[in-house]
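Engineer: The following block contains the structure, expressed as structure tokens.
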Amino acid sequence: PPSVTCAREAALRRPGHLSPARSGLLAKMAAYLQWRRFVFFDRETVKEPGGPDGGGAGAAAGGAKPFALPPGVTVCDSGRGSLVFGDMEGQIWFLSRSLQLSSFQAYKLRVTHLYQLKQHGILASVGEDEEGINPLVKVWNLEKQDGGNPLCTRSFSAIPGNKPTVVSCLTVHENLNFMAVGFADGSVVLTKGDITRDRHSKTQILHEGNYPVTGLAFRQSGKITHLFVVTTENIQSYMLSVKDYPRLELDTHGCGLRCSTLSDPSQDLQFIVAGNECVYLYQPDERGPCFAFEGQKLIVHWYRGYLIIVSKDRKISPKSEFAGSDPQNSDKQILNVYDLCNKFIAYSSVFDDVVDVLAEWGSLYVLTRDGKIHALQEKDTQTKLEALGLEKSIAMENKTLRNTQDENGLKNRVIRVGTRKSQLARIQTDSVVEMLRKRYLNLHFEIVAMSTTGDKILDTALSKIGEKSLFTKELENALERNEVDLVVHSLKDLPTSLPPGFTIGAICKRENPHDAVVFHPKNYGKTLNSLPEKSVIGTSSLRRAAQLKRRFPQLEFRDIRGNLNTRLKKLDEKEDFSAIILAAAGLRRMGWENRIGQILNPEDCLYAVGQGALAVEVRARDEEILHMVSALHDAETVLCCIAERAFMRHLEGGCSVPVAVSTMLKDSQLYLTGAVYSLDGSDSLKDTMQTGVNYPQQNEEGPNDDKQYVGITAKKIPCHAQEAAENLGVELASLLLSKGAKRILSVARQLNDAR
């Protein structure tokens, strides 16, 4: 009953006490309480769809009444394109972006906990089918139907050791190999194996204590899996990648229910615990920084680099000391959005009785007890920069930038940026445009997305198509017709010889250039070397296949096409592949770093020419645009990529033959390793050369500043350094050709054409 639920929540929210040492620390941290405040989000009440075209989450049709949540909602989550609710009648509800509600009967009595996975159509729930304390865990496959409802693939009792106790929290690892359930009696039950099936998993009591468990979170770093456990009185971490699951106590204070969360990689995947006086950050083996955010914390979430805290504020909700500790006694609550890195408050607002804060469709949604949904939409980068520009230092920089823009004649020009339509291409383009906006605050940028030949041909291996400009031709045509002013590419997609009239005007700082292995969920925690013999590995790259066949002869390799989303879906939803090979850079830019099971070092697999770097292609004679984008050049990346592209061009290589490289710039010495392979990897040539590329920070203007090196124009990097890098690539290619590289590549090309 609701009264019992409130009592349980109140018992689990016992505030931890502070030692004298911590109290002294709070005084020293008082400065944090005076953070700058901004309004980086727009608030809007979600309304019922108005008009014949309907509406959507965040739409506020004039005159329409506020959208109403289903009655009796007890728990919420979000993911896979829906907001998900559980209610007191045992139903689970799904709310789509178009505000269409659907539901099914999940339990006979009530739903108490939900966990929606972000990368899989899997929902875990806890609820009750009978009176008394007998919680049931159920796992639902949302992509399969059973009588019109999601398929329940597993159901089991959540009681630890047959001791009736209340479930307090639930979490599931995205690899589907771990599930943890916390209890009010201080127990944590861990399920290891395929959590969607009874037969392929094992359940055990991982943790027993004297204090209610209030929060759980899995942390994945490389091959290492940790589970954070927080109670009302302490914080601990378990290493799940090691036998016997060693435990480490991190602190002797805890937090209330829903007052802990895990940050994203931008904050180093730290576990965040919000006490009433401080917010603490933890690594698996130590405590990190803390912040003095006052007020009784009620809800804590992490969203796109922001820490979201809903708290009870006495200034807003003056209540008697005897009103009880139940947060529902509070009429008003305050929601703050903190940027911990830059130490400012991005948004702050007062709400009536917040049920939860969910993130979906690129926005935040605040659910309140009156059944309303309030959308918080983050403002665009330009608006946020203008707000930050009130600071004196930024204002001075703006003045300098405005002068530069006036000199270039770009002040009133709309810059059109071409890109492919894929999600990864858009993310990469957005990052480049954001860098340009930070430098040229008065310019306006418009993104023009289009499909390329490579995007349209999805049933043929890239190496079989034969076209050299698979992902660039249509974009270059638009550039030639002045339909766009610049184009953002993955550098590895650009041929080493560009069409006349074009140049690469900028190469941004390189992301990790190495290849990564993403394993099927059943193989999570393994490496290529530990996979069973004859395991099938998916890759569309001849370069990867040739090297890995040579390095791992016990494995089989098969073509797999499609964008990142498509290839991951093929891996996860079928049994065709044990793992697939992808570029680590793409996975990181998509925010899927947690899917990386193994990074392939150069001894296992050299990478592709230009891999991990973004290039901005422009018209060679458009001096204004060329000057503008040149500010994005990263000198080290430019020199490495010049050497790589020169090596490839001199070999007359491409995606139809296995050519691989690795570069490093250290102590003014540029090192280039290059290799060529037969298709099966049995025949190969590999060597390394180096050259000096000592160069100052900025080049002096000179008569040869516009010279291109393998299609790259980099005015601010001295010509002698670029020339040295180009010569290095040519000399290494010549060395391999003298040893028989031409024969290896010729045979590889013929065999590939004949396949």
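Engineer: With the requirement that a residue be without any contact (Cβ under 8 Å) to a residue 40 or more places away in the chain and either small (G, A, S) or within 17 Å of N601 (Cβ to Cβ) (or both), what does segment 516-551 give you?
Structural biologist: N529, S530
Engineer: Any residue at all in segment 593-610 that is out of contact with any Gly (no Cβ under 6 Å at 6 or more places or on another chain), of a type in the set (G, A, S) and within 21 Å of L542 (Cβ to Cβ)?
Structural biologist: Within segment 593-610 (the criterion being out of contact with any Gly (no Cβ under 6 Å at 6 or more places or on another chain), of a type in the set (G, A, S) and within 21 Å of L542 (Cβ to Cβ)), the answer is yes, since at least one residue qualifies.
Engineer: Here are the criteria: (1) under 21 Å from M628 (Cα atoms); (2) at pLDDT 80 or above; (3) in contact with a helix residue (DSSP H, G or I) (Cβ under 8 Å, 6 or more places away or on another chain). Tell me which single one K421 does not satisfy.
Structural biologist: (1)
Engineer: Report those strands (runs of 3 or more DSSP E) wholly inside segment 514-617 carrying at least 2 residues which are over 22 Å from the mean Cα position of the chain (by Cα).
Structural biologist: Qualifying strands (runs of 3 or more DSSP E): 536-538, 556-558.
Engineer: If a residue counts only when it is of a type in the set (S, T, Y) and open to solvent by less than 10 Å² (accessible area, probe 1.4 Å), which strands (runs of 3 or more DSSP E) contained entirely in segment 186-231 have at least 2 such residues?
Structural biologist: 224-231
Engineer: A further question follows. Filtering segment 156-185 down to residues that are among the small types (G, A, S) and part of a strand (DSSP E or B), which residue is farthest from P135 (Cα to Cα)? Reasoning before the result, please.
Structural biologist: Residues of segment 156-185 among the small types (G, A, S): 157-158, 161, 168, 180, 182, 184.
Pick out the ones that are also part of a strand (DSSP E or B) and you get 157, 168, 180, 182.
Numbers: S157: 6, S168: 11, A180: 14, G182: 12 Å.
Step by step, filter segment 156-185, then rank; the result is A180.
Engineer: Against the definition (within 29 Å of G591 (Cα to Cα) and open to solvent by less than 50 Å² (accessible area, probe 1.4 Å)), how does P135 come out, yes or no?
Structural biologist: Criteria not met by P135.
Engineer: Looking at segment 622-640, is at least one residue part of a strand (DSSP E or B) and either surrounded by fewer than 23 Cβ atoms within 10 Å (Cβ to Cβ) or more than 28 Å from the chain's Cα centre (by Cα) (or both)?
Structural biologist: Looking for residues that are part of a strand (DSSP E or B) and either surrounded by fewer than 23 Cβ atoms within 10 Å (Cβ to Cβ) or more than 28 Å from the chain's Cα centre (by Cα) (or both), one finds none in segment 622-640, hence no.
Engineer: Here's a follow-up. Hey, can you tell me all the residues within segment 644-672 that are of a type in the set (A, V, I, L, M, F, W, C), buried (at least 20 other Cβ atoms within 10 Å of the Cβ) and either within 16 Å of L606 (Cα to Cα) or under 30 Å from the mean Cα position of the chain (by Cα) (or both)?
Structural biologist: Result: F647, M648, C655, V657, V659, A660, V661, L672.
Engineer: Let me ask something else. So in segment 262-274, with the set limited to residues that are in contact with a strand residue (DSSP E or B) (Cβ under 7 Å, 6 or more places away or on another chain) and assigned to a loop (DSSP other than H, G, I, E, B), which one is surrounded by the most Cβ atoms within 10 Å (Cβ to Cβ)? Write out each step before concluding.
Structural biologist: Going through segment 262-274, the residues in contact with a strand residue (DSSP E or B) (Cβ under 7 Å, 6 or more places away or on another chain) turn out to be 262-264, 269-274.
Filter once more, so that each one left must be assigned to a loop (DSSP other than H, G, I, E, B): 263-264, 269-270.
Values: S263: 19, D264: 16, L269: 18, Q270: 22.
Only one residue tops the list, namely Q270.
Engineer: Just give me the residues in segment 380-416 being at pLDDT 85 or above and either closer than 15 Å to K438 by Cβ or assigned to a helix (DSSP H, G or I) (or both), in sequence order.
Structural biologist: Across segment 380-416, the qualifying residue is only I415.
Engineer: Looking at N162, is it closer than 30 Å to H226 by Cα, out of contact with any Pro (no Cβ under 6 Å at 6 or more places or on another chain) and open to solvent by 20 Å² or more (accessible area, probe 1.4 Å)?
Structural biologist: Working: closer than 30 Å to H226 by Cα: yes; out of contact with any Pro (no Cβ under 6 Å at 6 or more places or on another chain): yes; open to solvent by 20 Å² or more (accessible area, probe 1.4 Å): yes.
For N162, the condition - closer than 30 Å to H226 by Cα, out of contact with any Pro (no Cβ under 6 Å at 6 or more places or on another chain) and open to solvent by 20 Å² or more (accessible area, probe 1.4 Å) - is met.
Engineer: I would also like to ask the following. Restricting to segment 78-103, give me the number of residues that are more than 24 Å from H301 (Cβ to Cβ), open to solvent by less than 10 Å² (accessible area, probe 1.4 Å) and not small (G, A, S).
Structural biologist: 0
Engineer: Could you run through segment 705-750 and say how many residues are surrounded by fewer than 19 Cβ atoms within 10 Å (Cβ to Cβ), not charged (D, E, K, R) and not in a helix (DSSP H, G or I)?
Structural biologist: 2
Engineer: May I ask you to list pairs of residues, at least six apart or on different chains, whose Cβ atoms are under 7 Å apart, with the first in segment 335-349 being open to solvent by 20 Å² or more (accessible area, probe 1.4 Å) and the second being among the hydrophobic types (A, V, I, L, M, F, W, C) and assigned to a loop (DSSP other than H, G, I, E, B)?
Structural biologist: Listed pairs, sorted by first residue: K343/W35.
The values are calculated or read from the model by the stated rules, or taken from the named source; none is laboratory data. Predicted model only: the values in this text are computed from it and were never measured. Cβ: placed from backbone, ideal geometry, glycine included. Neighbour counts: every protein chain shown. Please note that ligands, DNA and RNA were not included when accessible areas were found on the heavy atoms of the full protein model with its side chains. Shrake-Rupley method; radii C 1.70, N 1.55, O 1.52, S 1.80 Å.
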